[in-house]
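K.L.:
Shown below is the structure under consideration.
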């Protein structure tokens, strides 16, 4: 298997290089045969990388410890689901997984554009192949996943205990999918710039790719936050860790891009801005990959220090410089005669939304790289902690929520002040009412009052939009409100799916604000049979239970939770000890409700005194962070789902162009 895997990677590198040469020669000679050969070469690359992935997976599942990677990240006792996930648990495997996804997405892009975009597609495939060549070069010459050991150990070192969690089985694949799929719209943007095909055709061709990338970036960040919440045992879910920031920044920029392209599609404006955003999003995915592998930062999420940093940094600089030069050379071709007609317009709201999102991304970027810059310049690493990010981004997020409420109700081109006041009366009433209500409840922090008021305002605008749509549909067609709502979303999925995403953002924002400002924490040491309280809960410690397997030792505490004198739950926080790694870990116990999470950590056990120490957190409304994230995912699926009208229009365009013998119009793959 190691020989087969390494041979497959070598062949993948060769055919990727060949595909670039065949594409360049095919473009120069206008040779369909050469262009087709180049596409077949990239399909062959996908097949070869798939063989390599299968070889590494087979080695992990069969405990082939002659392979250095298997010996380093697996063991005989490792549960099979984590042997499967060990593919992305180490540096070489994660790079192989990254490359595999890129090859799959390249193959899909080839299939989608087999009869479309004949001028742009070859150049886009050259860009995708060039990115693949960089990663294949790393896998063949720098960080080889199929290196053999001189002496075969009887067992492996095991996977890092922090990664032996089901969230880590799905968090990295989700995040990598978001990272890698951003390469497709980036490649087509490069193709559009090179060929000067600078209308919105490349945007329509790659719109779903951008949404797909955003969808998985959202899931990746959400799953990563949940992993931190359950595994690290500190009661939180986000610490502004450098690697967390690296995953968050492309999400912010891709969010800005998805809003901004609507202006170009409708008004033929912001062409330079959109091309800059998609380039920035892809470069930030490379930056995130660089951060986790360079060793320049310390993070629980990053891999150990290695020699990959200079290679990644060089590649990132080359990509950034090349794309910037290409974009600068086409600025004159990207000018649009259209201009903003009024600041009271949806175009202006979207533009301000973009500026805020990019502002947040820049603040996060600066806070992430500043310690590295300070160490390089002054020799002293100045730590930038959560207070910096909270203070800088807090007001910006408030502005973002406000603009999210304004955008749906304001008209394109211009809106009169009278219409604006009439349209926003109901949402403003909801926002002010929410602020008064929480003030009456005793809340006095200005940020919380403002945040909850703006959240209610944004929620109100979405409700108004849905109510208008349902009411209009019921006037046209006799339907029940529920059926009218379903049909409204089904027939206008792009618009109303976006509103569902906005609902998810509002709910997640409420969960973040409440859990950040109102979390309660207690620490108690108790003997068996003793109780302690937190909030309305009384927790009784009943004793310990130990379970030992060949893989780990599990010491769990048995707790009974009562509220109002009634037993409502049993909980079992635990201390784990992984034998191969000789490393302890924590398994928290969480009782989650829409109102609050009861979060219990077994901090320690004193065998002499019989005292067990518990750290307990009572976190209000954190449930809505996870619910909001899933609602955002649901809204994205609705947006991406092709509706009847879109399918009919695409089929008609394909049939018309084929009948005329012309290139089919770009559609929304």
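K.L.:
Classify region 107-235: rounded, prolate or oblate, from the alpha-carbon gyration tensor (a ≥ b ≥ c, eigenvalue square roots; a/c under 1.5 rounded; otherwise prolate if a/b is larger than b/c)?
P.N.:
oblate
K.L.:
Expressed as a whole number of Å, what is the distance separating the alpha-carbon centroids of region 1-62 and region 129-155?
P.N.:
16
K.L.:
Let me ask something additional. What FRET efficiency do you get for residue 325 and residue 483 if R0 is 56 Å and r is their Cβ-Cβ distance, rounded to the nearest 0.05? Before the final figure, lay out each step's value.
P.N.:
Values: r = 55 Å, r/R0 = 0.98.
In this case the efficiency is close to 0.55.
K.L.:
Then there's this: Against the empirical 2.2 N^0.38 Å scaling, what ratio does the C-alpha Rg of region 49-103 come to?
P.N.:
1.03
K.L.:
Sticking with this structure for a sec: Between residue 412 and residue 142, what length in nm is gained on full extension when 0.36 nm per residue of separation is reduced by their alpha carbon distance?
P.N.:
Residue separation times 0.36 nm, minus the Cα-Cα distance, leaves 91.9 nm.
K.L.:
Let me ask you something else. What translational diffusion coefficient, to the nearest whole µm²/s, does region 1-164 have by Stokes-Einstein, given a Kirkwood radius computed over alpha-carbon pairs, a temperature of 4 °C and 1.567 mPa s viscosity? Don't skip to the end; give the middle numbers.
P.N.:
Values: Rh = 16.6 Å.
Taking Rh from Cα pairs, D becomes 78 µm²/s.
K.L.:
Given the chain, what whole percent of its Cα pairs are spread farther than 42 Å?
P.N.:
33
K.L.:
Continuing with this model, one more query. If the chain between residue 157 and residue 572 were fully stretched, how many nm would it gain, using 0.36 nm times the residue separation less the Cα-Cα distance?
P.N.:
My answer for the length gained is 146.6 nm.
K.L.:
Divide by every residue of the chain the summed helix terms, -39500 (n - 2.57) for each DSSP H run of at least 4, and state the resulting mean residue ellipticity at 222 nm, rounded to the nearest 500 deg cm²/dmol.
P.N.:
Values: 20 runs with 421 residues, N = 669.
The helix contribution divided over the chain gives -22000 deg cm²/dmol.
K.L.:
Decide, for region 512-632, between rounded, prolate and oblate: order the square roots of the alpha carbon gyration tensor eigenvalues as a ≥ b ≥ c, take rounded if a/c falls under 1.5, and otherwise choose prolate if a/b is larger than b/c, else oblate.
P.N.:
Oblate, because a/c is 1.5 or more while a/b does not exceed b/c.
K.L.:
A further question follows. Whole number please: convex hull volume per residue of the Cα set in region 421-565, in Å³? Don't skip to the answer; put the middle values down first.
P.N.:
On the way: hull volume 33.7 nm³, N = 145.
Taking the convex hull of the Cα positions in region 421-565, it is 233 Å³ per residue.
K.L.:
Related question: Go ahead and run the numbers for FRET between residue 58 and residue 150, Cβ-Cβ distance against an R0 of 25 Å, rounding to 0.05.
P.N.:
About 0.70, to the nearest 0.05.
K.L.:
Shape of region 321-385 from its Cα gyration tensor (a ≥ b ≥ c, root eigenvalues): rounded if a/c is under 1.5, otherwise prolate when a/b > b/c, or oblate?
P.N.:
Oblate, because a/c is 1.5 or more while a/b does not exceed b/c.
K.L.:
Continuing with the same structure: For region 88-157, what does the equivalent ellipsoid look like in terms of its semi-axes, each the square root of 5 times an eigenvalue of the Cα gyration tensor, given largest first in whole Å? Numbers along the way, then the final one.
P.N.:
Numbers: eigenvalues 240, 28, 12 Å².
Semi-axes (√(5λ), whole Å): 35, 12, 8.
K.L.:
Moving on. Compute the distance from the alpha-carbon center of region 387-442 to that of region 507-539, in whole Å.
P.N.:
Here the two parts' Cα centres lie 31 Å apart.
K.L.:
Could you please state, rounded to a whole Å, how far the C-alpha centre of region 548-617 is from the C-alpha centre of region 343-362?
P.N.:
45
Every number in this text was worked out from the coordinates using simple rules, so none of it is lab data. Values in this document were obtained by computation on a predicted structure and should not be read as measured data. Here the Cβ is made from the backbone with ideal geometry for all residues, glycine too, and neighbour counts use every protein chain on show.
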